1. Between Arg124 and Met1, what is the FRET efficiency for a Förster distance of 30 Å, r being their Cβ-Cβ separation, to the nearest 0.05?
2. How much length is gained if the chain between Leu111 and Asp69 is pulled fully straight, taking 0.36 nm per residue apart and subtracting their Cα-Cα distance, in nm to one decimal?
3. What nm value, rounded to one decimal, do you get for the distance between Ala61 and Ala9 when each label is placed 7 Å out toward the C-beta?
4. Defining a contact as two alpha carbons under 8 Å apart and six or more residues distant in sequence, what relative contact order in percent does the chain show?
5. Which translational diffusion coefficient, to the nearest whole µm²/s, is obtained for the chain from the Stokes-Einstein equation, given a Kirkwood hydrodynamic radius over C-alpha pairs, 10 °C and 1.306 mPa s?
6. In Å², and per residue, what accessible area does the chain have when probed at 1.4 Å with the other protein chains present?
7. Largest first, what is the accessible-area ranking of Glu28, Glu88, Glu127 with a 1.4 Å probe?
8. Starting from the eigenvalues of the Cα gyration tensor, five times each then square-rooted, give me the equivalent ellipsoid semi-axes of region 20-88, largest first, whole Å.
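The values are calculated or read from the model by the stated rules, or taken from the named source; none is laboratory data. Since we're looking at a predicted model, the values are computed, not measured. Cβ: placed from backbone, ideal geometry, glycine included. Neighbour counts: every protein chain shown. Calculation scope for accessible area: heavy atoms of the full protein, side chains included, ligands and nucleic acids excluded. Shrake-Rupley method; radii C 1.70, N 1.55, O 1.52, S 1.80 Å.
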Amino acid sequence: MDKLTPQNAQQEHMVQILLAKMQGVEVELYDRIGKEWITSATSAVYVDSNYRIKSHELPIAKGIWAIIDKKWKWAAKDNDGGVWFYVERPSKGDYCWYEDSEGCALNALALNTDGIDWRKSLTRRPEGV
């Protein structure tokens, strides 16, 4: 049998949803009755349902990025809950993110990072801000 490959964007999206579920990444399902996104609690995936991979980006608004020095291009949450800014894209370690060349700075902003998995929290500064 030939290897199957996605034939369109919808099929590619469903492949990504399956991979996310298999790799333990949180997936959300659109609840048509409640008209909201809810956590998909089962391993089942239905082709007639709408799914998305849950975002774990940090809640830093464009207006906040605008007042942060432009040299800081990345932000990420560590295992202990601290949020750091980075000049270069950091690498993920066992308990934190690190960046060797340019350095980092501890975030002084009050951000609500509850429910954000530190391992998936790497957030890039928006373009043009």
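1. Working: r = 40 Å, r/R0 = 1.32.
So, using R0 = 30 Å, E works out to roughly 0.15.
2. Working: separation 42, 0.36 × 42 = 15.12 nm, distance 1.75 nm.
Additional length available on full extension: 13.4 nm.
3. With each label point 7 Å from Cα toward Cβ, the separation is 2.9 nm.
4. 21
5. Working: Rh = 16.9 Å.
In µm²/s, the coefficient rounds to 94.
6. Per-residue value: 69 Å².
7. Result, largest first: Glu127, Glu88, Glu28.
8. Working: eigenvalues 210, 46, 19 Å².
Semi-axes, largest first: 32, 15, 10 Å.
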